[in-house]
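Some notes on the structure that comes next.
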Amino acid sequence: QLQLVESGGGLVQPGGSLRLSCAASGFTLDYYAIGWFRQAPGKEREGVLCISSRGGSTTYADSVKGRFTISRDNAKNTVYLEMNSLKPEDTAIYYCAARPTCTIVLGMWRSWGQGTQVTVSS
């Protein structure tokens, strides 16, 4: 019943911006922390940002500080990832997942979405 669907990925030039969406269905998003993760070719999946059920954010990847922002709109049952000043090294499949609280331990997360591809290239 608990489902997450990512959207908003695509091809963007370096320095550009994208806004990813993580839409929840089958559960009340208000009670969950939502994390954004990414996996680049040949690399392990890593945490990017997390937003708690109270709206507080945690940054897991130092490389995105000052460029990425996470937010939530409980009325729309959606969490967003605003990505600015994109770099080629941001190229990856981006996933969202849910659990009670934010944690960097990937194995603790559940209800992973299918992912959305972000490609930063000129």
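Just so it is clear, none of the values below were taken in a lab; they were calculated from the coordinates. As the structure is a prediction and not an experimental result, all values here were calculated from the model. Glycine also receives a Cβ, built like all others from the backbone with ideal geometry; neighbour counts cover every protein chain displayed.
Please report how far the C-alpha centroid of region 99-122 lies from that of region 24-53, rounded to the nearest whole angstrom.
Value for the Cα centre distance between the two parts: 4 Å.
Dipole of region 31-98, Cα-centred, from +1 at each Lys and Arg C-beta and -1 at each Asp and Glu C-beta, to the nearest 20 debye? If you can, show how the numbers build up before the last one.
Numbers: 9 positive and 7 negative charges, 26 e Å.
Computed charge dipole of region 31-98: roughly 120 debye.
Specify the longest stretch of the chain that does not include any exposed loop site, a site being one of the trypsin sites (Lys or Arg not before Pro) with a non-H, G, I, E, B DSSP assignment and at most 10 other Cβ atoms within 10 Å.
66-122
Using the crude model of +1 on Lys and Arg Cβ and -1 on Asp and Glu Cβ, and no other charge, please compute the dipole size for the chain relative to its Cα centre, in debye to 20.
In debye, rounded to 20, the chain gives about 120.
Loop only by DSSP, 15 or fewer other Cβ within 10 Å of the Cβ. Give me the GluC sites (Glu not before Pro) in region 18-122 that pass, ordered by residue number.
Answer in residue order: 44.
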